[in-house]
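The values are calculated or read from the model by the stated rules, or taken from the named source; none is laboratory data. None of the values given here were measured: they were computed from a predicted structure. Please note: Cβ atoms are built from the backbone with ideal geometry, for glycine as well, and neighbour counts cover all protein chains shown. For accessibility, only protein heavy atoms count, side chains too; no ligands or nucleic acids. Shrake-Rupley method; radii C 1.70, N 1.55, O 1.52, S 1.80 Å.
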Amino acid sequence: VPEHVWRINLDVPEEAQQNLSFGAADRWWEQTDLTKLILASNKLQSLSEDVQLLPALTMLDVHDNQLTSLPSALGQLENLQKLDVSHNKLRSLPEELLQLPRLRSLLLQHNELSQLPEGLGQLLTLEELDVSNNQLTAIPASFGLLVNLVRLNLACNQLKELPADLSAMKSLRQLDCTKNYLETVPSKLATMASLEQLYLRKNKLRSLPEFPSCKLLKELHAGENQIEILNAENLKQLSSLCVLELRDNKIKAVPEEITLLQKLERLDLANNDISRLPYTLGNLPQLKFLALEGNPLRTIRRDLLQKGTQELLKYLRSKIQDDGPGPNEEPPVTAMTLPSQSKVNVHAITTLKLLEYSDKQAAEIPTVVFDAVGTNPVATVNFSKNQLREIPPRLVELKESVCDVSLGFNKISSVSSELCLLHKLTHLDLRNNVLTALPEEMEALKRLHTINLAFNRFKVFPSVLYHLPALETILLSNNQVGSIDPVQLKGMDKLGTLDLQNNDLLQVPPELGNCENLRSLLLEGNPFRTPRAAVLAKGTAAVLEYLRSRIPT
């Protein structure tokens with residue numbers, strides 16, 4: 001590190017030796033002390049003790065160097081809040097490091113540490129500690145004193161056990177112990193009341209740990225272990241769990257109690273020894289992803305497994321030996337149900353006012369989808385990610401209620417007059433299509449306040465947009481727009497966001513600076529010369545001010 005970096009707070013700069021008249025920007029004697037020093041991704045083998053000459057540092061980043069040790073003078077940086085020494089060759093840490101009174105983030109991952117100092121627990125202000133990818137065989141018991149720690153990463157070490165004292169970390173939300181040699185998890189960890197995410201993948205666990213007090217636990221990742229039994233009692237307590245990942249274990253059976261996990265969204269049981277499933281799994285209300293491949297399931301045909309989660313859940317529901325569907329349940333799929341009917345989520349129509357038929361690669365929307373609406377008011381329509389070449393004409397049937405239409409990721413080449421009749425429309429998403437123009441009839445959409453036209457083929461700014469008084473957001477990035485009319489844009493009082501990134505604008509009219517309502521103006525990725533990138537990087541207010549300064553008087 002060049003010597004003058006360490007002395008930057010002390011030395012008078014060279015220009016002070018010359019007798020010059022200084023402008024406001026050059027008043028070196030008013031300069032404040034250095035607070036951030038980034039020396040990352042160099043070839044440093046050591047750091048000078050002179051680091052103590054920078055007592056105001058709040059952040060020191062020396063990651064990705066070749067450091068084998070750290071200077072003891074680090075202990076004098078009493079304002080230091082973040083220290084990143086990851087991706088080096090450190091074998092030990094200086095004891096003085098433990099004196100830092102304000103340290104919040106300590107990143108030590110990817111070094112060669114085989115042990116941590118016993119006194120690490122003295123860093124009481126620590127909120128984030130990453131010691132992953134080292135050679136640690138044990139964790140100091142004093143870790144329990146880190147009561148403000150929110151994230152702790154111990155992944156990819158050689159830990160055979162965790163100290164029970166970790167349970168004292170009352171603020172810990174994320175604990176990552178992936179890829180160690182853990183055979184058990186101390187039962188006291190179950191009292192960690194703030195824990196939300198726990199990663200135990202790639203260890204040697206034989207059973208799922210118990211978590212009676214972890215009422216907030218949302219994610220439990222325990223794949224690639226040797227778990228054979230899922231204990232019903234252990235599952236009962238995990239009432240907040242959204243993600244349960246147990247792939248690549250030796251689980252033989254799934255207890256009925258799994259249906260108590262009412263918030264479960266992802267359940268991964270792939271590559272286990274499960275031969276049968278509780279059919280009630282189909283009733284989990286939030287489940288969006290269920291992986292079962294690689295199990296010797298007798299009751300479920302392999303082709304069904306490949307049809308995806310929704311078909312699978314439907315099949316499981318149909319097998320529940322009930323007297324009949326309750327008032328709020330969909331009827332089970334029977335031989336009488338038309339296959340196309342199962343495409344429509346009637347429950348979403350009635351409760352969420354949502355008509356969804358997305359990600360089906362369909363060339364047109366089946367009539368049964370619109371028929372399912374009946375007299376229900378629909379507020380949101382999502383037909384994105386299909387192969388539609390035109391806007392479905394029957395959308396007009398929803399004109400009295402629909403306000404949000406999503407038709408992104410299709411092959412639509414023009415906007416039909418039917419769409420212009422949806423007079424309550426506030427949000428329209430047409431991104432990733434092949435549109436080149438918009439019809440003037442769209443002027444009728446007086447309530448439209450957000451339109452997304454990104455990734456289409458517009459060569460000119462659609463003039464009808466200038467006549468939509470309620471528009472607040474226009475997203476037009478990744479087109480071929482060559483010019484804009486600043487005078488008409490100024491008339492759009494509500495417009496706050498205009499995204500024109502990656503277009504063909506050869507110039508930005510200075511009068512655009514008069515559009516003072518714009519809070520977000522995005523122009524990067526265009527071929528114009530001015531404003532230069534440095535001005536754009538300063539944000540919208542600075543760009544508008546710059547443009548105003550260029551208006552000829």
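Using the structure shown, list the pairs from Lys399/Lys446; Lys399/Lys424; Lys319/Lys353; Lys218/Lys307 with a Cα-Cα distance above 18 Å, or answer none. As for pairs spanning more than 18 Å Cα to Cα, those are Lys319/Lys353; Lys218/Lys307.
The residues packed around Leu60, meaning those with a beta-carbon under 10 Å from its beta-carbon, carry a net charge of 0 if Lys and Arg are +1 and Asp and Glu are -1.
Can you send over the carbon and sulfur percentage of the accessible area for segment 347-549, probe radius 1.4 Å, protein chains only? Carbon plus sulfur share of accessible area: 50 percent. For the residues Leu136, Leu44, a 1.4 Å probe over the protein chains yields an accessible-area ranking, largest first, of Leu44, Leu136. The loop-placed trypsin sites (Lys or Arg not before Pro) in segment 448-548, going by DSSP, that have at most 15 neighbouring Cβ atoms within 10 Å of their Cβ come out as Arg457, Lys459, Lys494, Arg519, Arg529, Arg532, Lys538. Annotation: per residue accessible area for segment 38-196 equals 43 Å², rounded to a whole number [probe 1.4 Å, protein chains only].
How many percent of the accessible area of segment 182-319 is carbon or sulfur, using a 1.4 Å probe?
46
Here is the tail figure for segment 128-178: Cα pairs spaced more than 11 Å apart come to 67 percent of all pairs. Phi angles across segment 541-549 convert, under the Karplus curve 6.51 cos²θ - 1.76 cosθ + 1.60 with θ = phi - 60°, into 3J(HN,Hα) values of 4, 5, 5, 4, 5, 4, 5, 4, 5 Hz, Gly and Pro given as x. Spin-label model, Val487 to Glu293: label points 7 Å out along the Cα-to-beta-carbon direction sit 6.1 nm apart. The ellipsoid that matches the Cα gyration tensor of segment 147-249 has semi-axes, each √(5λ) in whole angstrom, of 18, 17, 12, with the longest given first.
Which value, in Å³ per residue, describes the convex hull spanned by the Cα atoms of segment 380-459?
Enclosed volume per residue, from the Cα hull, is 76 Å³.
Rounded to the nearest 500, the helix-only mean residue ellipticity at 222 nm of the chain stands at -2000 deg cm²/dmol, with each DSSP H run of n ≥ 4 adding -39,500 (n - 2.57).
Here the extension length gained between Leu421 and Thr375 equals 14.7 nm, from 0.36 nm per residue of separation less the Cα-Cα distance.
Determine one quarter of the surface area of the Cα convex hull of segment 182-319, which equals its mean projected area, and express it in nm² to one decimal. All intermediate terms of the calculation are to be shown ahead of the outcome.
On the way: hull surface 28.3 nm².
The orientation-averaged projected area of the Cα hull of segment 182-319 comes to 7.1 nm².
Over all directions, the projected convex hull of the C-alpha atoms in segment 347-549 averages 11.1 nm² in area. All alpha carbon pair distances within the chain were sorted into 20 Å bins beginning at 0; the resulting P(r) in whole percents reads 16, 31, 40, 12, 0.
Kirkwood hydrodynamic radius (Cα pairs, Å) of segment 430-515? List each step's numbers first, then the result.
Numbers: mean 1/r = 0.0771 Å⁻¹.
By the Kirkwood definition, the hydrodynamic radius is 13.0 Å.
What value does segment 277-316 have for Rg/Rh, both radii from Cα atoms and Rh as Kirkwood defines it?
Values: Rg = 9.5 Å, Rh = 10.4 Å.
Dividing the radius of gyration by the Kirkwood radius yields 0.91.
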